[in-house]
Structures are given as C-alpha cells and as structure tokens.
Amino acid sequence: MFTETLLKPTMLKKTRKRPTIASIDLENLAFNYRSVSSFIGDDTDIMAVIKADAYGHGSVECAKRLEAEGVKWFGVALPEEGIELRDAGIGSPILCMGGFWPGQETAIVESGLTSVIFSLEHAKLLDTAASRKRSQINYHVKIDTGMGRLGIRYDQVQEFVVRLKEFSHIKLDGVMTHFAAADDLSENEFTKLQASRFDEVVGVFIGNGYQPSYLDLANSPGAIAHPDCRRNLVRLGGVLYGLGGDVLPHSIQTPQLRPVMSISSRISQLSTVRTGETLGYGRTFTTSKDSVIAMVPIGYADGYPRSLSNSVEVIVNDHLAPVVGRISMDWTIIDVSKVPDVHINDEVVLLGSTSSHAVRAEDLAAISGTIAYEITCGISTRIPRVYS
Ligand SMILES: *Cc1c(COP(=O)(O)O)cnc(C)c1O
C-alpha cells in the first residue's frame with residue numbers, strides 16, 4: 001500500500017508525456033494589463049477577473065503575475081476559486097462575483113474574501129458568520145439594472161437598503177452592476193439606461209447613510225467602449241487574456257492586445273492515403289487525391305471542439321494544413337500533403353501563431369459558433385499549462 005502510493009506520482013513524473021500542451025505567455029498577460037491600464041487611465045482601478053481558472057489560463061499563475069504588476073483586485077465566480085488563490089498566497093482583495101452558497105459563509109470570513117450579496121438571507125448568513133468570529137466583513141451589493149440575471153432589481157432597492165441596516169457585522173464596500181450588451185454599439189441606449197439606473201441606486205444607498213468605496217459597472221467591452229461608465233473600478237477578464245476580438249466593437253479605438261494562450265502538439269503518425277479513401281468516424285471526408293495524412297494527439301476531450309471537424313486549419317512547419325474528418329475524443333487528423341518536408345514529431349500549432357500564420361481563439365470560436373471565451377475556458381485539464 002505504502003509503496004504503491006509512493007510510486008504512483010514518481011512513475012507519472014518519469015513517464016514521457018503526450019506532447020500536447022497549452023503555453024501560457026505571462027509576459028503577454030502583463031503586456032495586456034499595462035496596455036489596458038494606460039488606455040483606461042489612473043482614475044480607475046482594475047479588478048482582474050480570473051474566474052474559471054482565469055478563463056482556462058490558470059488562475060494561480062495569472063494572479064501571481066498580475067499581483068506583481070500591481071493589480072489591486074481579483075474577481076472570481078465562486079468562493080472555492082477565491083480560497084484556491086488564498087491557499088496559493090494571493091493576499092489582494094478577492095471578490096466572489098456570484099455570491100456564495102449557504103454553508104460557505106464561514107469560509108468566506110476565514111479566508112478574508114469579499115462576497116457580493118443580492119438577498120437579505122445571504123446578508124444574514126454573512127453577518128452571523130462574521131459575528132461568530134467577532135469580526136466585521138466587507139461585502140459588495142449586486143444590482144440588476146437590466147442584465148436580467150443576478151442582483152437585486154434596481155426598482156426594489158429601497159426596501160432592501162432599509163432592512164440591511166439590521167446587520168452590524170457586515171460593511172458595504174461596493175455597489176456593482178453588470179452590462180447586458182456593452183459590446184454592441186447599437187445597444188448604446190440600453191447601456192446608458194443601465195448606467196442611469198445604477199446611479200439612482202447608488203443615490204438610494206448614499207441617501208440611507210452608506211458610503212461605498214467602490215462603484216463598478218464595466219466588464220471588458222464596458223470599460224473600453226463606454227469611458228463614461230468606468231467610475232472608480234472596472235472588472236476585466238477577456239482583454240487581459242488578449243481575447244478582445246469578439247467582445248470589443250470594431251469601429252472604436254482599442255488598446256493593443258496580445259494572445260496569451262497557444263496550443264500545440266506534435267505529429268504522432270504519418271500515412272499515405274490513396275485517392276477516394278475515407279477518414280475518421282462517420283466517413284465524413286473522402287480524399288480527392290493521393291494524400292499525406294498526419295495524426296495529432298488532441299481531441300474534443302481536450303476541449304478542441306468537435307464542431308471544428310472538416311472546417312479548420314492548423315499550422316505545421318509554418319504552413320496551413322486542414323483538419324480532415326471528424327475530430328474524435330483523443331485524435332485529430334490533418335492533411336499535410338501541401339506541407340513540405342514533413343516528419344513525425346513535427347510541431348502542430350492548433351491555436352497560436354508562427355512567422356507567417358496565426359490561428360486565434362476568435363477564429364476557432366467563429367467556426368464553432370461561439371465566442372473566444374468558451375474556447376479557452378473549454379481547454380480541459382488534461383492539457384498541461386506550461387508557463388513562460
Ligand atoms: C465575467 C465577468 C466580468 C468580466 O467580463 P469580461 O468580458 O471578461 O471582461 C465582469 N463582471 C462580472 C460580473 C462577470 O461575471
């Protein structure tokens with residue numbers, strides 16, 4: 001028993017691994033932070049949103065680098081994501097933007113997390129947990145000004161504020177809301193309406209004697225496309241990871257951004273296939289000529305979407321090569337007939353760039369009918385993140 005548990009990790013470490021990796025360029029992450037931060041100016045603080053493992057980029061490594069760059073706040077969705085960061089030594093304020101589940105309030109107090117709340121029940125749970133620890137804890141209140149998702153409705157704030165006064169162990173530190181369509185300039189009127197509802201709500205809090213330190217509305221598109229909505233804090237995810245392409249309007253001036261994640265693998269097998277043969281599950285591809293076909297060890301279990309089958313290209317030796325046939329759970333087939341001097345073990349870039357070509361997360365997203373965020377979030381933990 002003892003030797004077995006001792007042996008396992010050692011065996012894993014010694015074993016040669018599959019060459020499929022996600023490279024995370026922390027220099028580019030830092031570049032994006034500095035670029036966005038100078039675009040936004042000194043009057044507004046930045047909360048780096050690193051929920052969902054930093055959109056698949058690895059929250060601990062990203063947080064460490066961003067904290068070293070001077071980021072003041074981190075935003076996560078779940079308290080457990082915040083606890084992971086505390087365990088890794090992140091000391092900056094962390095906001096749990098999705099609130100917490102009953103039973104998590106003690107962990108929030110003990111880990112020094114800040115939670116949003118949007119119900120009196122949650123206010124009471126947090127207040128009780130804080131009083132048990134004989135402390136006072138900050139919270140941010142989340143207002144629904146038109147997103148139609150989480151938050152206290154903007155038109156029901158008055159009664160909420162009055163009842164909040166019952167709780168003496170929690171302190172209002174921020175008021176926030178979230179935009180529904182800040183990326184779409186044709187929705188500008190609605191974005192403005194959300195901002196004006198927010199201002200009214202803030203007025204109600206102030207009228208009742210509250211003095212929130214932070215007022216925040218804007219996500220990436222809000223902060224870049226709507227300068228008048230920045231207030232003193234913006235919550236940025238996508239732009240930090242260089243994923244501006246499909247969340248920032250194209251007609252406006254935007255900060256320079258660089259992609260942070262790239263995904264590469266290597267050719268495991270090469271075969272020559274005659275014209276008229278079919279490749280892969282469902283026989284969805286038939287060769288129209290004699291072809292050189294390469295197997296790449298990545299599949300939809302790794303988060304390389306099956307919906308890209310027969311419709312995307314990868315880069316081999318600085319040449320584009322099409323994915324042919326269905327992407328399966330562990331394997332992708334590519335046609336390298338037009339790639340000169342191709343060999344087993346040659347690098348295959350599925351996301352990222354070489355000197356002549358680039359495949360962006362936005363490109364993969366457009367083909368599979370989603371946004372770049374879903375692509376990077378979906379890269380599974382089976383692919384190791386390698387930081388540089
Ligand atoms: C995810 C999230 C953000 C970040 O949005 P981006 O478009 O990635 O900048 C901001 N605020 C809230 C409440 C979020 O859930």
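The values are calculated or read from the model by the stated rules, or taken from the named source; none is laboratory data. Remember, it's a predicted structure, so these values are computed and weren't measured experimentally. Positions of Cβ are generated from backbone atoms using ideal geometry, with glycine treated the same way; all protein chains shown enter the neighbour counts. Each accessible area value is taken on the protein alone, full model and side chains, heavy atoms only, with ligands, DNA and RNA left out. Shrake-Rupley method; radii C 1.70, N 1.55, O 1.52, S 1.80 Å.
A few comments on the model shown:
- Nearest-0.05 FRET efficiency for T381 and L120, computed from C-beta distance (R0 51 Å): 0.85
- When the alpha carbon gyration tensor of the chain is reduced to an equivalent ellipsoid, its three semi-axes come out at 45, 25, 18 angstrom, largest first.
- Whichever aspartates and glutamates have a C-alpha closer than 16 Å to that of K13, once near sequence neighbours (fewer than 8 apart) are set aside: E4
- In loop segments of region 5-85 as defined by DSSP, the trypsin sites (Lys or Arg not before Pro) with at most 11 further C-beta atoms inside 10 Å of their C-beta are R16, K17.
- The label-point distance for K14 and M329, in a model that sets each label 7 Å from Cα toward Cβ, rounds to 2.9 nm.
- Cβ-defined net charge surrounding E69, 12 Å radius [Lys, Arg +1; Asp, Glu -1]: +2
- Sparsely packed chymotrypsin sites (Phe, Trp or Tyr not before Pro) within region 60-115, loop by DSSP, other Cβ within 10 Å at most 11: none
- Spin-label model, D43/K289: points 7 Å from Cα along the beta carbon direction are separated by 6.1 nm.
- Efficiency of FRET between S268 and D341 - r from beta-carbon atoms, R0 22 angstrom, step 0.05: 0.80
- Of F198, F31, F39, the residue with the greatest mean-square motion in the GNM of the chain, using alpha carbon springs below 10 Å, is F39.
- Global form of region 11-141, assessed from the alpha-carbon gyration tensor, a/c cut-off 1.5: oblate
- Segment E189..Q136, full-extension length gain: 15.1 nm, with 0.36 nm per residue of separation and the alpha-carbon distance subtracted.
- Cross-link reach is defined here as a Cα-Cα straight distance under 17 Å, omitting same-chain residues fewer than 8 places apart; for K64 the lysines meeting it are K51, K72.
- Cα Rg, Dmax (largest Cα-Cα span) when computed across region 122-265, Å: 17.8, 59
- 1.4 Å probe accessible area per residue over the chain, in Å²: 47 Å²
- Accessible surface of the chain, 1.4 Å probe: 51 percent of it comes from carbon and sulfur atoms.
- Kirkwood radius, region 243-361, all distinct C-alpha pairs, inverse of mean reciprocal distance: 15.2 Å.
- Trypsin sites (Lys or Arg not before Pro) lying in DSSP loop within region 104-139, provided at most 16 other Cβ fall within 10 Å: K133, R134
- Set of lysines near K289 by C-alpha distance (under 21 Å), chain-local residues within fewer than 8 positions excluded: K338
- Taking a point 7 Å from the Cα of Y281 along the Cα-to-Cβ direction, none of the residues of region 354-388 has its backbone N closer than 11 Å to it.
- Calculated mean residue ellipticity at 222 nm for the chain: -9500 deg cm²/dmol, from DSSP H runs with n ≥ 4 weighted as -39500 (n - 2.57), summed, divided by the residue count and rounded to 500.
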